[in-house]
Amino acid sequence: MNDVNEEQVYEWLADVKDPEVPALSILDLGIVRNVAVTDNSVNVTITPTYSGCPAMDVISIGIRMALAGHGIKQITIDQQLSPAWTTDWMTEDGKRKLKEYGIAPPNRKAFSSLGLFEEEEIQCPRCDSTHTEMVSRYGPTSCKALYKCLDCKEPFEHFKCH
Amino acid sequence: MKLPYILRLADDALIIGQRLGEWTGHGPILEQDIALTNAALDHVGRARSLYQYAAEVFNQLPKEQQLTYFTSMAIQEKIKAGESIDEDTLAYLRDGWDFRNVLLVERPNIDWAYTVARGFFFDAFNFFYFTALSKSTDATIAAVAEKSLKEVTYHLRWSSEWVIRLGDGTDESHEKMQQAINETWSFTGELFVATDYEAAMTAECVSPNLQQIQTLWTARINEVLDEATLTLPAAGAWMQQGGKAGTHTEELGYILTELQFMQRTYPNMQW
Ligand SMILES: [Zn+2]
């Protein structure tokens with residue numbers, strides 16, 4: 001394990017994808033909280049996006065497989081809740097990849113003052129129009145809402161600010 | 001006193017999650033089916049975190065105390081065998097009277113208006129409660145509350161929108177929504193009556209002061225109902241209580257029968 005350092009582990013983790021949004025790695029998503037390498041083991045601390053996010057178990061398996069593939073034998077994974085994950089931790093690169101994938105990225109500071117019934121303006125990932133309409137606050141996964149573009153008519157998903 | 005309090009928070013989350021989960025595949029339209037099941041997942045996720053914590057606290061109790069803590073023979077057998085318990089033990093093997101959820105969350109779905117009314121009262125409570133609880137002196141509880149606050153904010157927006165849409169909708173939707181509000185109302189009082197273990201936790205600044213939460217909650221409820229052209233039953237109406245102390249309505253028995261069936265029938269089975 002002498003030649004393994006934290007930087008190296010981060011490079012490997014870039015290959016672990018979010019199973020629900022495979023365009024993003026777990027680093028793009030900002031859910032890797034810490035990596036610690038000791039004599040003969042690697043510890044990775046991750047944070048869930050939503051409390052009941054079923055992807056977390058799959059992500060843990062992905063991390064194990066990726067590290068095992070590079071010869072790491074002792075792997076521990078911890079989950080840490082606080083401070084709570086926010087879409088502000090998604091990298092700019094991650095937001096760009098999301099848009100290319102056809103999902104409108106979170107575009108506001110999470111929990112900036114938005115009133116109870118205030119709606120934010122969402123940009124269509126296809127034609128960039130902001131002339132869009134929310135179809136449903138909830139989408140196929142907890143982290144996404146459904147929208148449609150009133151200009152190019154594209155139905156699309158929006159990764160909610162959280 | 002901390003263990004019953006953690007269980008109280010966890011049981012609310014599990015039981016409302018189970019109730020909302022009953023809508024899976026039965027929602028009036030796909031988007032709303034998805035909305036309720038997404039919310040159910042948030043609640044069950046919160047229940048898991050809290051049960052894990054409760055199990056940790058339980059496993060540190062002296063063995064003689066563990067043996068009699070829950071009436072469930074399945075749990076007592078585990079303790080006798082020298083085993084520790086985990087989140088699944090608490091969800092799947094406890095008997096009804098050891099559950100500490102409020103009666104409100106065990107109310108049946110009945111129809112869309114009742115589901116919305118129950119959700120609205122509970123989501124508004126969660127919103128203010130978790131806002132305060134995220135400053136708890138217990139770091140684990142504070143972390144769970146901080147995480148959940150973002151989710152319950154979505155839940156509250158969803159249920160408030162539906163209360164307004166139905167209340168300020170057609171004559172029929174208005175009437176149905178008003179009836180659901182009237183009949184659910186008597187299950188809200190319990191939210192704000194502190195049990196001895198809650199009072200002890202409030203004294204240690206682990207849990208929020210319920211009177212303060214009630215003031216905020218009442219203001220929000222009135223604000224939304226006003227916009228929905230709906231009214232609340234007269235002040236001083238009779239309120240049901242008992243859930244937080246383990247005295248439940250018969251509904252809980254039916255919920256647990258379904259929820260616990262697999263583990264009770266095929267002990268230790270794995271999915
Ligand atoms: Zn467009």
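The values are calculated or read from the model by the stated rules, or taken from the named source; none is laboratory data. Since the structure is predicted, the reported quantities are computational estimates derived from the model, not experimental observations. Methodologically, a virtual Cβ is constructed for each residue, glycine included, from the backbone with ideal geometry; neighbour enumeration extends over all protein chains shown.
Summary table
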{"quantity": "Boolean, B:S173 is touching a residue at least 40 places away in the same chain (Cβ under 8 Å), touching a Pro at 6+ places or on another chain (Cβ under 9 Å) and of a type in the set (G, A, S)", "calculated": "no"}
{"quantity": "B:S148 vs. criteria within 10 Å of chain A (Cβ to nearest Cβ), closer than 25 Å to B:R19 by Cβ, buried (at least 22 other Cβ atoms within 10 Å of the Cβ) and over 17 Å from the mean Cα position of the chain (by Cα)", "calculated": "no"}
{"quantity": "Matching strands (runs of 3 or more DSSP E) fully within region A:116-162 where at least 3 residues are away from the ligand (no atom under 13 Å from the Cβ)", "calculated": "A:132-136, A:144-149"}
{"quantity": "Candidate set: region A:9-31, residues that are among the small types (G, A, S) and part of a strand (DSSP E or B); chosen: the one surrounded by the fewest Cβ atoms within 10 Å (Cβ to Cβ)", "calculated": "A:A23"}
{"quantity": "Selection within region A:32-57 - touching an Asp or Glu at 6+ places or on another chain (Cβ under 9 Å) and assigned to a loop (DSSP other than H, G, I, E, B)", "calculated": "A:T49, A:Y50, A:S51, A:G52, A:C53, A:P54"}
{"quantity": "Helices (runs of 4 or more DSSP H) fully within region B:1-111 counting 3 or more residues that are under 30 Å from B:W185 (Cβ atoms)", "calculated": "B:2-21, B:30-59, B:103-106"}
{"quantity": "Residue tally, condition under 27 Å from B:F130 (Cα atoms) and surrounded by 13 or more Cβ atoms within 10 Å (Cβ to Cβ), over region A:42-77", "calculated": "12"}
{"quantity": "All positions within region B:129-143 that are surrounded by fewer than 21 Cβ atoms within 10 Å (Cβ to Cβ) and either of a type in the set (V, I, T) or part of a helix (DSSP H, G or I) (or both)", "calculated": "B:T131, B:A132, B:T137, B:A139, B:T140, B:A142, B:A143"}
{"quantity": "Region B:212-246: number of residues that are touching a residue at least 12 places away in the same chain (Cβ under 8 Å) and of a type in the set (S, T, N, Q)", "calculated": "6"}
{"quantity": "Candidate set: region A:99-109, residues that are part of a loop (DSSP other than H, G, I, E, B) and within 18 Å of A:Y147 (Cβ to Cβ); chosen: the one modelled with the lowest pLDDT", "calculated": "A:R108"}
{"quantity": "Residue ID - surrounded by the fewest Cβ atoms within 10 Å (Cβ to Cβ), chosen from residues in region B:259-271 that are within 18 Å of B:D11 (Cα to Cα) and touching a residue at least 60 places away in the same chain (Cβ under 8 Å)", "calculated": "B:Q263"}
